[in-house]
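Below: one structure in structure tokens.
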Amino acid sequence: MSPPASKDLIHRARRVAVPPYQHVQRQLHDLRMLVFEVTQRCNLTCRHCGSDCTRSATVPDLPPQKILEVLGEVAQAYDPKRITVMIGGGEPLLYDGLWDLGRQIRKLGFPWGMVTNGSLWDQATLERARKAGARSISVSLDGPKDAHEWLRGKDGDFDTVLATVKRLIAAEWLNVMDVITVVHPNNVHRLEETWRIMQEIGAPGWRLIPISPIGRAKTNRDLLLSTEQFQLLLKTIMDLRQRSDMPVYLSESNYMGGDLDFRVRDHHYFCRAGISFGGVMVNGDILACASIDRRFAQGNVFQDSFVHTWENRFEVFRDRRWMKTGRCDGCKEWRHCQGNSFHNWDLDANAPGACQFHDHALSDVPLCGDLPLRSKRPGPRRRR
Ligand SMILES: C[S@@+](CC[C@H](N)C(=O)[O-])C[C@H]1O[C@@H](n2cnc3c(N)ncnc32)[C@H](O)[C@@H]1O
Ligand code: SF4
Ligand code: SF4
């Protein structure tokens, strides 16, 4: 392992390279991930659901013909091998014709995958996924049994999901498989316990996501982490990353600042929404991901060409100077953060709905040594 000093030097060098790299990426806007919100229906009604999904969603599902039409156009314009198609929801397994759709996506040349709640899988489902050519599957497991079932609102769900995860781990044909845990006040103190479960079953990767104030979590603020809890999450991730062969990382969202970004995940924070991540929502709206305020839609696939929209619109995503307002205006982190993850942007307040860097007191994390726990810090420096 490199000594801390050389590691810090590498972190510093990487940090300097980040803004120019991101600038080039914005110019290129090379599509690498395309998400389809195929349904808003779900067999669960989790407390935190950012998409506000229920068993009886009123919005009709996105028709498979429309999805294939969009993908046909995309495959003509770009190299499909380089673009991962993600089937999102709601719960993808409730979508009629999912496996046929998967097969067609594969035929067009795209790798495809999904995020699933893991509660509707059995061995036969896994076999269908294999035959349909699925390449990446992420499963949500939100802590030890009681914490998971408290959030997901279903007794016995933990054991079902754990069985799904074990089956998927054994599925060697999958290119990517990981477990996603959303972190909330009821499981943040039990991450070590959850990590042990992951270790025991041999999970290939563990992604941690603090709950964002979106969907149902926007009106249930008790689900959000306090400053102390957020710091505990970061300290735990840093500690587990030292002790674990299994990759443990904070999700790509949320700008952390300092060299924390390199300590809690492998890559520096970069919100790729509208830059290399595009998406089509259940009603056909062209956006970047399902968590973003729908008023940012750039078109609709029932009227507009996806490729034309991707090439000619999306300015609000690629030139974020309009976000340089309020607390972001004059913030010394602007070049690296640019208003935080797009899904955090509160359009009504015209401000970031969350700024972990300032609100969770991480703004002067030293480049080496432990992260000191400290109380809330003042806001960003103002421009003189
Ligand atoms: C919207 S779900 C759709 C897929 C599937 N139904 C599931 O639960 O895995 C995708 C992922 O987003 C996470 N998620 C949902 N609401 C969230 C929120 N408010 N903040 C952060 N992550 C959230 C879920 O826990 C899940 O890991
Ligand atoms: S988080 Fe996933 S499983 Fe839970 S209600 Fe939302 S879509 Fe369904
Ligand atoms: S104020 Fe917060 S969200 Fe805005 S640029 Fe600075 S660190 Fe990012």
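The values are calculated or read from the model by the stated rules, or taken from the named source; none is laboratory data. This one's a predicted model, so the numbers in the text were calculated from it and none came from an experiment. Cβ atoms come from the backbone with ideal geometry, glycine included; neighbour counts cover every protein chain shown. All accessible areas refer to the heavy atoms of the entire protein, side chains included, with ligands and DNA or RNA removed. Shrake-Rupley method; radii C 1.70, N 1.55, O 1.52, S 1.80 Å.
For the structure I just gave you, tell me whether W173 is surrounded by fewer than 19 Cβ atoms within 10 Å (Cβ to Cβ), among the aromatic types (F, W, Y) and at pLDDT 95 or above.
yes
Now for a different question. Do you know which of the residues in region 57-93 that are in contact (Cβ under 8 Å) with a residue 40 or more places away in the chain and among the β-branched types (V, I, T) is nearest to ligand 1 (Cβ to nearest atom)?
In this case the residue turns out to be I87.
Look through region 174-209, keep the residues that are among the β-branched types (V, I, T), touching a residue at least 60 places away in the same chain (Cβ under 8 Å) and closer than 23 Å to A134 by Cα, and return whichever of them is farthest from ligand 2 (Cβ to nearest atom).
V176
Let's see how each residue does on (1) away from ligand 3 (no atom under 16 Å from the Cβ); (2) among the β-branched types (V, I, T):
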| site | (1), (2) |
| --- | --- |
| F230 | no, no |
| Q242 | yes, no |
| Y249 | yes, no |
| Y255 | no, no |
| L260 | no, no |
| V264 | no, yes |
| G279 | yes, no |
| V282 | yes, yes |
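So, in region 205-241, of the ones that are among the β-branched types (V, I, T) and in a helix (DSSP H, G or I), which residue ends up nearest to ligand 1 (Cβ to nearest atom)?
It comes out as T219.
Can you find, within region 176-193, the residue that is farthest from ligand 3 (Cβ to nearest atom) among those that are part of a helix (DSSP H, G or I) and under 19 Å from L224 (Cα atoms)?
My answer is R190.
If I ask for residues that are open to solvent by less than 70 Å² (accessible area, probe 1.4 Å) and without any contact (Cβ under 8 Å) to a residue 40 or more places away in the chain, which ones from region 6-19 would you list?
Those that are open to solvent by less than 70 Å² (accessible area, probe 1.4 Å) and without any contact (Cβ under 8 Å) to a residue 40 or more places away in the chain: S6, A13, A17.
List the number of the failed condition for C271; all other conditions in (1) buried (at least 23 other Cβ atoms within 10 Å of the Cβ); (2) more than 15 Å from the chain's Cα centre (by Cα) hold.
Evaluating C271 over (1) buried (at least 23 other Cβ atoms within 10 Å of the Cβ); (2) more than 15 Å from the chain's Cα centre (by Cα) leaves (2) as the failure.
Identify, please: which residue in region 130-148 is in contact (Cβ under 8 Å) with a residue 40 or more places away in the chain and away from ligand 2 (no atom under 16 Å from the Cβ) and is, among those, surrounded by the most Cβ atoms within 10 Å (Cβ to Cβ)?
By that ranking, first place goes to A134.
Do we find a residue being modelled with pLDDT of 95 or more, more than 16 Å from ligand 2 (Cβ to nearest atom), over 30 Å from A13 (Cα atoms) and buried (at least 20 other Cβ atoms within 10 Å of the Cβ) anywhere in region 311-320?
The answer is yes, given that some residue of region 311-320 is modelled with pLDDT of 95 or more, more than 16 Å from ligand 2 (Cβ to nearest atom), over 30 Å from A13 (Cα atoms) and buried (at least 20 other Cβ atoms within 10 Å of the Cβ).
Right, next: Can A147 be described as assigned to a helix (DSSP H, G or I) and in contact with a helix residue (DSSP H, G or I) (Cβ under 7 Å, 6 or more places away or on another chain)?
Considered against the rule, which asks whether it is assigned to a helix (DSSP H, G or I) and in contact with a helix residue (DSSP H, G or I) (Cβ under 7 Å, 6 or more places away or on another chain), A147 comes out as yes.
Could you please find all residues in region 75-90 being within 23 Å of the chain's Cα centre (by Cα) and on the phi < 0 side of the Ramachandran plot?
P80, K81, R82, I83, T84, V85, M86, I87, G88, G89, listed by residue number.
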